[in-house]
Amino acid sequence: MNVSDISPSAVISLADVDLSLGSGPARVHILKKVSLAVAAGETVALVGPSGSGKSTLLMAMAGLERIDSGRLSVSGVELSQEDEDGLARFRGANVGIIFQSFHLIPNMTALENVAVPLELQGRRDAFARAEAELRLVGLGHRLTHYPSALSGGEQQRVAIARALVAEPAVIFADEPTGNLDEATGRQIADLLFETSARRGTTLVLVTHDNALATRCARVVRIHSGIIDRSEAVRSAAE
(Lines give C-alpha, C1' and ligand atoms only; values in the text may rest on other atoms or scores of the structure.)
Protein backbone atom coordinates (compact mmCIF):
# COMPACT_ATOMS: atom_id res chain seq x y z
CA MET A 1 0.00 0.00 0.00
CA ASN A 2 1.26 3.48 -0.87
CA VAL A 3 0.72 6.38 1.53
CA SER A 4 -1.05 8.30 -1.23
CA ASP A 5 -3.57 5.48 -1.49
CA ILE A 6 -4.94 6.43 1.93
CA SER A 7 -5.70 10.09 1.35
CA PRO A 8 -3.95 12.81 -0.63
CA SER A 9 -5.24 15.40 1.84
CA ALA A 10 -3.85 13.74 4.97
CA VAL A 11 -1.27 15.67 6.98
CA ILE A 12 -0.35 12.36 8.69
CA SER A 13 -0.28 9.11 6.70
CA LEU A 14 0.81 5.66 7.80
CA ALA A 15 0.68 2.61 5.54
CA ASP A 16 1.35 -0.91 6.85
CA VAL A 17 3.69 0.33 9.59
CA ASP A 18 5.49 -2.22 11.74
CA LEU A 19 7.62 -1.24 14.73
CA SER A 20 9.49 -3.37 17.28
CA LEU A 21 11.41 -2.28 20.37
CA GLY A 22 14.30 -3.99 22.16
CA SER A 23 16.82 -6.45 20.79
CA GLY A 24 17.41 -10.20 20.71
CA PRO A 25 15.04 -12.34 22.79
CA ALA A 26 13.69 -9.17 24.45
CA ARG A 27 12.56 -7.64 21.15
CA VAL A 28 8.81 -6.95 21.18
CA HIS A 29 6.62 -6.37 18.13
CA ILE A 30 4.65 -3.25 19.12
CA LEU A 31 2.89 -1.93 16.00
CA LYS A 32 1.51 -4.40 13.43
CA LYS A 33 0.59 -3.28 9.91
CA VAL A 34 -0.82 0.03 11.14
CA SER A 35 -2.53 2.24 8.54
CA LEU A 36 -3.84 5.62 9.61
CA ALA A 37 -4.71 8.94 7.99
CA VAL A 38 -5.29 12.24 9.78
CA ALA A 39 -6.54 15.33 7.96
CA ALA A 40 -5.19 18.83 8.50
CA GLY A 41 -6.91 20.48 11.45
CA GLU A 42 -8.43 17.24 12.72
CA THR A 43 -8.45 16.26 16.39
CA VAL A 44 -7.81 12.57 17.06
CA ALA A 45 -7.61 10.57 20.30
CA LEU A 46 -5.61 7.33 20.43
CA VAL A 47 -7.05 5.07 23.12
CA GLY A 48 -6.49 1.54 24.30
CA PRO A 49 -5.27 -0.51 27.27
CA SER A 50 -1.79 -0.08 28.72
CA GLY A 51 0.77 -1.73 26.46
CA SER A 52 -1.46 -1.52 23.39
CA GLY A 53 1.07 0.58 21.46
CA LYS A 54 -0.71 3.93 21.44
CA SER A 55 2.18 5.94 22.92
CA THR A 56 4.67 4.17 20.64
CA LEU A 57 2.48 5.08 17.67
CA LEU A 58 2.41 8.71 18.80
CA MET A 59 6.20 8.79 19.21
CA ALA A 60 6.68 7.28 15.75
CA MET A 61 4.49 9.98 14.19
CA ALA A 62 6.46 12.63 16.09
CA GLY A 63 9.74 11.31 14.70
CA LEU A 64 10.97 10.01 18.06
CA GLU A 65 10.76 6.28 17.24
CA ARG A 66 11.86 4.68 13.97
CA ILE A 67 9.57 2.26 12.17
CA ASP A 68 10.84 -1.11 10.91
CA SER A 69 8.78 -1.22 7.73
CA GLY A 70 5.89 0.45 5.96
CA ARG A 71 5.62 4.14 5.18
CA LEU A 72 5.10 7.10 7.49
CA SER A 73 4.65 10.65 6.24
CA VAL A 74 3.95 13.76 8.33
CA SER A 75 3.52 17.20 6.75
CA GLY A 76 4.90 15.83 3.51
CA VAL A 77 8.08 14.44 5.09
CA GLU A 78 8.76 10.71 4.67
CA LEU A 79 10.18 10.00 8.13
CA SER A 80 11.75 6.62 7.35
CA GLN A 81 14.01 8.33 4.81
CA GLU A 82 15.41 10.91 7.25
CA ASP A 83 18.61 10.54 9.29
CA GLU A 84 18.78 11.79 12.89
CA ASP A 85 19.65 15.34 11.83
CA GLY A 86 16.80 15.30 9.34
CA LEU A 87 14.37 14.10 11.99
CA ALA A 88 15.51 16.86 14.34
CA ARG A 89 14.89 19.45 11.60
CA PHE A 90 11.50 17.88 10.90
CA ARG A 91 10.46 18.09 14.55
CA GLY A 92 11.63 21.68 14.86
CA ALA A 93 9.74 22.81 11.77
CA ASN A 94 6.58 20.72 11.81
CA VAL A 95 5.52 19.35 15.19
CA GLY A 96 5.07 20.28 18.83
CA ILE A 97 5.15 17.57 21.50
CA ILE A 98 3.52 17.65 24.94
CA PHE A 99 4.32 14.97 27.53
CA GLN A 100 2.53 13.82 30.67
CA SER A 101 5.56 14.64 32.83
CA PHE A 102 6.09 18.10 31.25
CA HIS A 103 9.82 17.56 30.41
CA LEU A 104 10.80 21.12 31.27
CA ILE A 105 14.47 21.98 31.76
CA PRO A 106 14.74 22.52 35.54
CA ASN A 107 17.51 25.14 35.51
CA MET A 108 15.73 27.32 32.96
CA THR A 109 12.92 29.80 33.60
CA ALA A 110 9.52 29.44 31.97
CA LEU A 111 10.58 32.02 29.38
CA GLU A 112 13.84 30.23 28.63
CA ASN A 113 12.11 26.85 28.34
CA VAL A 114 9.68 28.17 25.75
CA ALA A 115 12.40 30.02 23.82
CA VAL A 116 14.55 26.88 23.38
CA PRO A 117 12.93 25.57 20.15
CA LEU A 118 13.30 28.97 18.47
CA GLU A 119 16.86 29.42 19.70
CA LEU A 120 17.74 26.07 18.12
CA GLN A 121 16.40 27.46 14.85
CA GLY A 122 18.56 30.57 15.23
CA ARG A 123 15.57 32.87 15.60
CA ARG A 124 16.51 36.33 16.84
CA ASP A 125 12.99 36.90 18.14
CA ALA A 126 13.04 33.75 20.28
CA PHE A 127 12.44 35.46 23.62
CA ALA A 128 9.87 37.93 22.29
CA ARG A 129 7.89 35.06 20.74
CA ALA A 130 8.26 32.97 23.90
CA GLU A 131 6.91 35.78 26.05
CA ALA A 132 3.95 36.28 23.72
CA GLU A 133 3.15 32.56 23.81
CA LEU A 134 3.34 32.42 27.61
CA ARG A 135 0.97 35.36 27.85
CA LEU A 136 -1.47 33.57 25.56
CA VAL A 137 -1.56 30.57 27.95
CA GLY A 138 -2.07 32.86 30.95
CA LEU A 139 1.47 32.88 32.34
CA GLY A 140 2.60 36.41 31.58
CA HIS A 141 3.17 36.90 35.31
CA ARG A 142 5.38 33.77 35.65
CA LEU A 143 8.00 34.40 32.97
CA THR A 144 11.01 34.31 35.31
CA HIS A 145 9.87 31.39 37.48
CA TYR A 146 11.67 28.07 37.37
CA PRO A 147 9.68 24.82 36.98
CA SER A 148 10.10 23.96 40.68
CA ALA A 149 8.23 27.17 41.56
CA LEU A 150 5.29 26.37 39.27
CA SER A 151 2.25 24.20 39.94
CA GLY A 152 1.60 21.13 37.81
CA GLY A 153 -0.98 23.00 35.75
CA GLU A 154 1.40 25.91 35.23
CA GLN A 155 4.19 23.57 34.16
CA GLN A 156 1.89 21.98 31.58
CA ARG A 157 0.94 25.44 30.32
CA VAL A 158 4.64 26.17 29.85
CA ALA A 159 4.97 22.87 27.98
CA ILE A 160 2.02 23.78 25.76
CA ALA A 161 3.52 27.21 25.04
CA ARG A 162 6.83 25.54 24.14
CA ALA A 163 5.04 23.11 21.80
CA LEU A 164 3.18 25.95 20.07
CA VAL A 165 5.84 28.65 19.88
CA ALA A 166 7.23 27.57 16.49
CA GLU A 167 3.69 27.44 15.07
CA PRO A 168 3.78 23.75 14.09
CA ALA A 169 1.23 22.11 11.81
CA VAL A 170 0.74 19.20 14.24
CA ILE A 171 0.63 18.88 18.02
CA PHE A 172 1.22 15.46 19.59
CA ALA A 173 0.19 15.11 23.25
CA ASP A 174 0.89 12.00 25.34
CA GLU A 175 -1.48 11.89 28.36
CA PRO A 176 -1.41 15.71 28.63
CA THR A 177 -3.69 15.73 31.70
CA GLY A 178 -2.40 12.53 33.28
CA ASN A 179 -0.43 14.21 36.10
CA LEU A 180 -3.07 16.82 36.90
CA ASP A 181 -6.08 16.92 39.18
CA GLU A 182 -9.51 16.85 37.54
CA ALA A 183 -10.19 20.59 37.59
CA THR A 184 -6.72 21.52 36.33
CA GLY A 185 -6.93 18.78 33.70
CA ARG A 186 -10.13 20.30 32.33
CA GLN A 187 -8.46 23.71 32.11
CA ILE A 188 -5.50 22.26 30.23
CA ALA A 189 -7.84 20.34 27.89
CA ASP A 190 -9.83 23.52 27.22
CA LEU A 191 -6.60 25.35 26.40
CA LEU A 192 -5.43 22.61 24.01
CA PHE A 193 -8.69 22.37 22.08
CA GLU A 194 -9.32 26.12 21.97
CA THR A 195 -5.80 26.78 20.71
CA SER A 196 -5.99 23.98 18.15
CA ALA A 197 -9.29 25.30 16.81
CA ARG A 198 -8.11 28.91 16.68
CA ARG A 199 -4.89 28.09 14.82
CA GLY A 200 -6.19 25.25 12.67
CA THR A 201 -3.57 22.94 14.15
CA THR A 202 -3.89 19.17 13.88
CA LEU A 203 -4.05 17.61 17.36
CA VAL A 204 -3.32 13.95 18.06
CA LEU A 205 -3.41 12.85 21.69
CA VAL A 206 -3.04 9.68 23.71
CA THR A 207 -5.28 9.40 26.75
CA HIS A 208 -6.87 6.98 29.22
CA ASP A 209 -9.47 9.66 30.02
CA ASN A 210 -12.69 8.94 28.16
CA ALA A 211 -14.01 12.46 28.74
CA LEU A 212 -10.91 13.91 27.09
CA ALA A 213 -11.00 11.40 24.21
CA THR A 214 -14.63 12.15 23.35
CA ARG A 215 -13.80 15.83 22.92
CA CYS A 216 -11.84 14.85 19.80
CA ALA A 217 -13.51 14.64 16.39
CA ARG A 218 -12.39 11.00 16.14
CA VAL A 219 -11.40 8.27 18.56
CA VAL A 220 -9.03 5.57 17.23
CA ARG A 221 -8.89 2.42 19.33
CA ILE A 222 -5.72 0.34 19.53
CA HIS A 223 -5.35 -3.16 20.92
CA SER A 224 -2.16 -5.25 20.82
CA GLY A 225 -0.61 -2.94 18.25
CA ILE A 226 -3.53 -3.17 15.82
CA ILE A 227 -6.06 -0.43 15.04
CA ASP A 228 -9.44 -0.48 13.33
CA ARG A 229 -8.50 0.39 9.75
CA SER A 230 -11.96 1.64 8.73
CA GLU A 231 -12.00 3.95 11.74
CA ALA A 232 -8.42 5.05 11.10
CA VAL A 233 -8.84 6.19 7.51
CA ARG A 234 -12.42 7.45 7.55
CA SER A 235 -12.14 11.13 8.48
CA ALA A 236 -9.15 12.03 6.35
CA ALA A 237 -10.85 10.51 3.33
CA GLU A 238 -14.06 12.49 3.82
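Values computed for the structure shown
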{"item": "HN-Hα J in Hz across region 95-109 - Karplus 6.51, -1.76, 1.60, θ = phi - 60°, x for Gly and Pro", "result": "10, x, 10, 10, 10, 4, 9, 6, 6, 7, 7, x, 9, 10, 5"}
{"item": "Cα-centred dipole magnitude for the chain, charges only on beta-carbon of K, R (+1) and D, E (-1), debye, nearest 20", "result": "200 debye"}
{"item": "Sum of side-chain charges, Ala110 neighbourhood, beta-carbon under 14 Å (Lys, Arg +1; Asp, Glu -1)", "result": "+1"}
{"item": "Helical mean residue ellipticity (222 nm; -39500 (n - 2.57) per DSSP H run of 4+; nearest 500) of the chain", "result": "-11000 deg cm²/dmol"}
{"item": "Per residue solvent-accessible surface (Å²) - region 95-193, probe of 1.4 Å", "result": "44 Å²"}
{"item": "Alpha-carbon gyration tensor eigenvalues x 5, square-rooted, for the chain, Å", "result": "29, 19, 17"}
{"item": "Whole-Å distance, taken between Cα centres, linking region 158-213 and region 20-44", "result": "21 Å"}
{"item": "Globularity ratio of region 76-205, using Cα Rg and 2.2 N^0.38 Å", "result": "1.02"}
{"item": "Of all accessible heavy-atom area on the chain, the percent that carbon and sulfur account for (1.4 Å)", "result": "50 percent"}
{"item": "At q = 0.12, 0.17, 0.20 Å⁻¹, base-10 log of I(q)/I(0) for region 137-238 (Debye sum, equal scatterers on each alpha carbon)", "result": "-0.46, -0.85, -1.11"}
{"item": "Extension gain, Phe193 back to Asp18 (0.36 nm per residue minus Cα-Cα distance, nm)", "result": "60.0 nm"}
{"item": "Extension gain from Glu84 to His141, taking 0.36 nm per residue of separation minus the Cα-Cα distance", "result": "16.8 nm"}
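The values are calculated or read from the model by the stated rules, or taken from the named source; none is laboratory data. This is a predicted model, so every value here is computed, not measured. For neighbour counting, all protein chains shown are included, and Cβ atoms are generated from backbone atoms with ideal geometry for every residue, glycine included. With ligands, DNA and RNA removed, areas are computed over all heavy atoms of the protein, side chains included. Shrake-Rupley method; radii C 1.70, N 1.55, O 1.52, S 1.80 Å.
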